[in-house]
Amino acid sequence: MKKIILILLFFSFTVFSVSAQQAKTSDELTDKQWEDLFTALGSENWDTAFDLSTKYLKQLKDNDEAKSIGNLRYICLYSAAGKVSAGKMTYEKLGELVKDFVGKKLVFPFRQISAKCGSGLNFICFSDGVKNKALVAATNQAGTSILAFEYLQLKEDFDYAKYDGKEAAVSGIAKSIVPNPNKSPIVILRIYISDGFIMLRDEIEKKTDKK
């Protein structure tokens, strides 16, 4: 399963660089806080990643105007799924946790776009032959667990053939988050996103460079 794994744990700092260039306020995290979180994710220290992301969400008071809070919510869900896959969190606790994220904005990490859905993992892929849908199978680094199947309903059609192989992130509203009823350690969550929008990495970086 690990043939085409992208290191989705390392969320590009370009997403956060605008806030890093400004004075920190109560609705932003410091560079050190992000660094600590990314370090935990990179080593798949699920306990620390979950504890830090939960702590930081409380700090931002779940304010949708806070910079990068959508990223932080996704990290919290991802690390919680990692804990479940490692036997460090029960499905019951996960079920209670995900309720707080339904109806809220999530921002996903950069992944490569694929013009078709096959056996590849960690791709934003063209799902069901419908241009306003996408599917991602998000795994751990080893590819031994699918931490989340992510079903994305986009606001607009997307030209997958044109951008095949490019990197992008997706944002949208969590319509539903469903823990696996079979309580499997192999497939943990299904996340259903509405009002999704694909953001090309090249375009994000161009906007950042102009700041």
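Excluding residues fewer than 8 places away in the same chain, name every one of the aspartates and glutamates whose C-alpha is closer than 20 Å to that of K133.
Excluding near neighbours in sequence, the set is E150, E156, D157, D159, D164, E167, D195.
Can you sort C117, C76 so the residue with the fewest Cβ neighbours within 10 Å comes first?
On the way: C117 19, C76 25.
The most exposed by this proxy come first: C117, C76.
Place a point 7 Å from the Cα of S43 along the Cα-to-Cβ direction; which residues of the stretch 103-118 have their backbone N under 19 Å from it?
Label zone hits: none.
Over 24 Å, how big is the tail of the calculated P(r) for the stretch 13-210, in percent of all Cα pairs?
Details: 7573 of 19503 pairs.
Here the long-distance tail beyond 24 Å is 39 percent of all Cα pairs in the stretch 13-210.
Determine the distance separating the Cα centre of the stretch 121-198 from the Cα centre of the stretch 65-117; give it in Å without decimals.
Between the Cα centre of the stretch 121-198 and that of the stretch 65-117, the gap is 11 Å.
Give the percent of DSSP beta bridges with both residues in the stretch 13-210 that are antiparallel, rounded to the nearest 5.
On the way: 24 of 34 bridges.
Beta bridges within the stretch 13-210, antiparallel portion: roughly 70 percent.
Just so you know, all these numbers are worked out from the coordinates, no wet-lab data involved. Here the structure is a predicted model, which is why all the values come from computation and not from measurement. Every residue, glycine as well, gets a Cβ built from its backbone with ideal geometry; the counts of neighbours run over all protein chains shown.
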